[in-house]
Structure formats: C-alpha cells, structure tokens
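These notes concern the structure reproduced below.
The values are calculated or read from the model by the stated rules, or taken from the named source; none is laboratory data. None of the values given here were measured: they were computed from a predicted structure. Because the Cβ atoms are built from the backbone with ideal geometry, glycine has one as well, and the counts that use them run over all protein chains shown. For accessibility, only protein heavy atoms count, side chains too; no ligands or nucleic acids. Shrake-Rupley method; radii C 1.70, N 1.55, O 1.52, S 1.80 Å.
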Amino acid sequence: MFDKRGTRSFKTKVWAVLVKLVAGTSSPLLGSYQKSIPLLPVPRLDDTCSRYLKSVRPLLNDEEYEEKKRLVEEFKKGPGNKLQFYVTLKSWTSTNYVTDWWEKYVYHGWRGSVMINSNYYATDQMGIPISTNQAARAGLYTHLAMKMKSEIENETLTPLIIMNLIPLCSYQYKRLFGTCRIPGKEQDHLSISSPAESRHIVAHRNGKWYKIPAYHKNRLLSGAEIQWQLQQIIDDDSKPTNPGDQYIAALTTAERPFWAEIRETHFSKGTNRENME
C-alpha cells in the first residue's frame, strides 16, 4: 500500500502471501480478509502537527498563521504527548482507533443539514441507458440493489482488492442497506434494521408515500415485477389522503436539532410514529 506505484517490495510480497493464507480460498467471502487488514497506524505527533499547519495555511493570512504555529507549539509542549500516548494505547485494542470518535463527534455530531453535506445517492448506468422508461430503469436498479444487499448479508459479495493484492475493509457494507440516521438534538444515532425487516423500498410521488415490497415470500422480485409496481404509482393520480404529507420530506433537509424537535413533538407516538418507523 505504501510502495511506489508499479513496484512491490519484498515485504509487500510476503504480506500478500500471508493474506492469501488467511483467506484460505480462491473464492473469498466478503469478510475473508478482515483479520489480515493491518491496524491503522498512529502518526508521530510532530507529523500530525506539521500536516495540520500545512492544511490550514491556505485559509489564513500571515498573522493568523503565525498565531496557529504558536498554538501548535504550546500543544506539543503541553497536552500533546499525553494525548498521543492515550491514542497509541487505543490503537493497540482496536482495528481503527479513529472510527468510533469520528462517528460520534464528527459524523453524528454534525448539526447542520445532511441533505447536501452528508447524504449519498446512486443512479443507474448514465452513459448507456438501458431503457427510456422510467419505471423500467428504476425497477431494474432496485432489483440489482436488493440482489447486492442479499450478497452482503450472505457474504457472497466479492471483496474489493486493489491491484489484485490489497484487500479493502468490508465493514461499512454491513450498514449500506436498512440503515437510517435518526436526528437528535445534540447528536444523531443509527437505526439498523434486521435483514428480515429490510425487504422493501419506499417511493415518494405527488405528495404520497408508497411501501414497495421487493420480495414475495423468500423470492427476490424481478426487475419487471418491481417495474409493474412502480408503474401503478406513476399512474396513480389521486390526491394525498392527509394534508401536509407532501411536505414531510422537506424536514429531512433542516438542521438536525430542528428536525429532532419536530420528530419528538409530532412523530413520537400514535399513527405518526408507526408510519415513520
């Protein structure tokens, strides 16, 4: 991973052989390489401080930058070494010493809107449209996404390997589907559904919400079968049953404390809570 591009050191080659031995098969499962992935190394305190100063330099004028340098030196002579020691201890007992802190204080602690700052989205293949029919494209995409979900749950999804040598961590796959970020006044948290609960998608059209099953019993529906359901939604020109339903989605774009307060006030009990869950 740290070799120059196009070269592989002897140390890297030895590590690659050990990785293959740990995986133990020519057709590895999604989690086969997890135990062989190296722990995240803790950088030296001086390196961390130098990288910090380098990252903020374009944002500061000369006077502000000199003040930052002074504060960094105070940090290095003060609590820096003590904190470095604690971080090093934590790195010995976790695969990634940053993960839980990052999720709690950075990711879940973000109080602004997540709509354009955090949320992700996906599309089908944009360069080569399979069909100009909206329902057909959405139906096929949903079928393939649910197929991937099943492969993740069964660990039959092929793990990602860079240069046919370096396996990537597969941990985040576990929360790719059936996971919802619940807003909190001070901090968000995740709600993760079991595979048995997460067997449908939700569509929003003309102010109405639809729950669309992706399975019949234990059989994943085909793209055409999901397309048929989506087409019924497109053809439905009825008005929303409950006034205001069309505006609920806009609340997810608000800052997190405001959205959390709205959920607590209006969606914490009764029919609203059942529909939200």
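Given charges of +1 on the Cβ of Lys and Arg and -1 on the Cβ of Asp and Glu, with all other atoms neutral, how large is the dipole of segment 152-214 about its Cα centre, in debye to the nearest 20?
360
Would you check the accessible area of Thr156, probe 1.4 Å, heavy atoms only, in square angstrom rounded to 10?
80
Pop out the carbon and sulfur fraction of the accessible area of segment 139-277 as a percent, whole number, probe 1.4 Å.
Here carbon and sulfur together make up 53 percent of the probe-accessible area.
Once ligands and nucleic acids are excluded and a 1.4 Å probe is used, how much of Leu39 is accessible, expressed in Å² to the nearest 10?
Accessible area of Leu39: about 90 Å².
Just the accessible area per residue of the chain, please: how many Å² with a 1.4 Å probe?
Details: 19910 Å² over 277 residues.
Spelled out: the 1.4 Å probe surface of the chain, per residue, equals 72 Å².
Pick out which of Asp124, Asp46, Asp236 has the largest mean-square fluctuation in a Gaussian network model of the chain, springs linking Cα atoms closer than 10 Å.
Per the Cα network of the chain with a 10 Å cutoff, Asp46 tops the list.
Give a residue-ordered list of calculated ³J(HN,Hα) values for segment 52-64 (Karplus: 6.51 cos²θ - 1.76 cosθ + 1.60, θ = phi - 60°; whole Hz; x for Gly, Pro).
5, 4, 5, 6, 8, 4, x, 9, 10, 7, 4, 5, 5
I want to verify a result. In a Gaussian network model of the chain, Cα cutoff 10 Å, which of these has the top mean-square fluctuation: Glu73, Glu63, Glu255?
Between Glu73, Glu63, Glu255, it is Glu63 that shows the largest mean-square fluctuation.
Distance cut-off 28 Å, Cα to Cα: go down the list Lys11/Lys149; Lys90/Lys149; Lys149/Lys239; Lys174/Lys211; Lys11/Lys68 and report the pairs above it.
Long pairs (Cα-Cα over 28 Å): Lys11/Lys149; Lys90/Lys149; Lys149/Lys239; Lys11/Lys68.
Run the Debye formula on the Cα coordinates of segment 147-228, all scatterers equal and no solvent, and tell me log10 I(q)/I(0) at q = 0.12, 0.15, 0.20, 0.22 1/Å.
-0.53, -0.76, -1.06, -1.14
List, in order, the whole-Hz ³J(HN,Hα) value for each residue of segment 244-254 obtained from phi through the Karplus relation with A = 6.51, B = -1.76, C = 1.60 and θ = phi - 60°; use x for Gly and Pro.
Each residue's phi maps through the Karplus curve to give x, 4, 5, 9, 4, 4, 5, 5, 5, 8, 6 Hz.
Over all distinct alpha-carbon pairs, what is the Kirkwood Rh of the chain in angstrom?
Hydrodynamic radius (Kirkwood, Cα only) of the chain equals 23.5 Å.
Once phi is turned into ³J(HN,Hα) by the Karplus curve 6.51 cos²θ - 1.76 cosθ + 1.60 with θ = phi - 60°, what whole-Hz value does each residue of segment 272-277 show in order, with x for glycine and proline?
Along segment 272-277, the couplings run 4, 5, 4, 5, 5, 6 Hz.
Hey, what number do you get for the chain at 222 nm if only DSSP H runs of n ≥ 4 count, each worth -39500 (n - 2.57), divided across all residues, to the nearest 500?
Result for the chain: -12000 deg cm²/dmol, rounded to the nearest 500.
Radius of gyration and Dmax for segment 137-277's Cα atoms, expressed in Å?
Final numbers for Rg and Dmax: 18.0, 56 Å.
Once you put a point 7 Å from the Cα of Met115 and another 7 Å from the Cα of Thr7, both along the Cβ direction, what distance in nm separates them?
5.0
Report relative contact order for the chain in percent, whole number only (criteria: Cα-Cα under 8 Å, sequence separation at least 6). Don't skip to the end; give the middle numbers.
Values: 236 pairs, mean separation 57.8, N = 277.
Relative contact order comes out at 21 percent.
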